[in-house]
1. Return yes or no: is Ile55 touching a Pro at 6+ places or on another chain (Cβ under 8 Å), modelled with pLDDT of 95 or more and not in a loop (DSSP other than H, G, I, E, B)?
2. For the stretch 6-16, name all the residues that are part of a strand (DSSP E or B) and loosely packed, with under 12 Cβ neighbours inside 10 Å.
3. Could you list, in sequence order, the residues of the stretch 17-35 that are among the charged types (D, E, K, R) and surrounded by 11 or more Cβ atoms within 10 Å (Cβ to Cβ)?
4. Quick one: count up the residues across the stretch 4-32 that are in contact with a Lys or Arg (Cβ under 8 Å, 6 or more places away or on another chain) and acidic (Asp, Glu).
5. At pLDDT below 95, hydrophobic (A, V, I, L, M, F, W, C) and part of a strand (DSSP E or B): does that describe Val45?
Amino acid sequence: MSEEKPKIVVVTIRMPDGKEHEVPLPAKTFSSGRKGFYSQIPPIVYDGEIYGGQIQIWSKNKTVEKNE
């Protein structure tokens, strides 16, 4: 049996000062049942301020029924 490798999307964030930060987004199944990718953004310092957040990317295909 072959083991399936995890899917990862890499997003590049380019700040106004030109610095770039790569954020890996591992595959995720959201509570809606949609498949996609998600990650918290690690702290980014820009202009003396600390920024953070999250990135979510999901399939626009029909929602999958959730198992309840």
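1. no
2. Ile8, Val10, Thr12, Arg14
3. Passing the criteria: Lys19, Lys28, Arg34, Lys35.
4. Summing the residues that are in contact with a Lys or Arg (Cβ under 8 Å, 6 or more places away or on another chain) and acidic (Asp, Glu) in the stretch 4-32 gives 1.
5. Yes.
The values are calculated or read from the model by the stated rules, or taken from the named source; none is laboratory data. Given the structure is predicted, the values throughout are model-derived calculations rather than measurements. Cβ atoms come from the backbone with ideal geometry, glycine included; neighbour counts cover every protein chain shown.
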